[in-house]
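Below is one structure; the comments refer to it alone.
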Amino acid sequence: MSAPPRPYRRNALWIAAMVHRVSGIGLALFLPLHFLALGLSLQGAARLDSFLRWTDIPLIKLAEGGLVFLLGVHFLGGLRVLFVENFDWRVNQFRVATAAGGAAAMLAFAFLIRVL
């Protein structure tokens, strides 16, 4: 026998909270790669230049656009959580969550246009 559906999982704000958590995990997975790049800069210019040439691959540029999206979503989702927890603000949460996702997507798109 399956469990009854949970109506709160159909809520857009639940989805926004889940996107915030997943973006945090994605950023945490990226962090070791960032530290690797910083470490290569300490090993000399030739090692860093080799790594930076690798990052010119279009697939890597696309992944960087995804990273910008994750940063935007996580930042704006965090602001939404701060407002929810510290103010009596319940009326326009759905609109703000939708706007935050749209703003993050536009930011990532602008980044991709600039780097590709």
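Every number in this text was worked out from the coordinates using simple rules, so none of it is lab data. The model shown is predicted, which means the values in this text are computed figures rather than measured ones. In this analysis, Cβ positions are derived from the backbone assuming ideal geometry, glycine residues included, and neighbour counts consider all displayed protein chains.
Among residues of the stretch 63-75 that are under 11 Å from Ala105 (Cβ atoms), those with a Cβ under 8 angstrom from a residue that is among the β-branched types (Val, Ile, Thr) and part of a helix (DSSP H, G or I), sequence gap 6+ or separate chain, pair up as Gly65/Val115; Val73/Val19. Checked against the criterion of being surrounded by 16 or more Cβ atoms within 10 Å (Cβ to Cβ) and over 16 Å from Ile15 (Cβ atoms), the stretch 85-107 has at least one qualifying residue. Would you check which residues across the stretch 30-66 are hydroxyl-bearing (Ser, Thr, Tyr) and outside any helix (DSSP H, G or I) and list them? The answer is Thr55, and nothing else.
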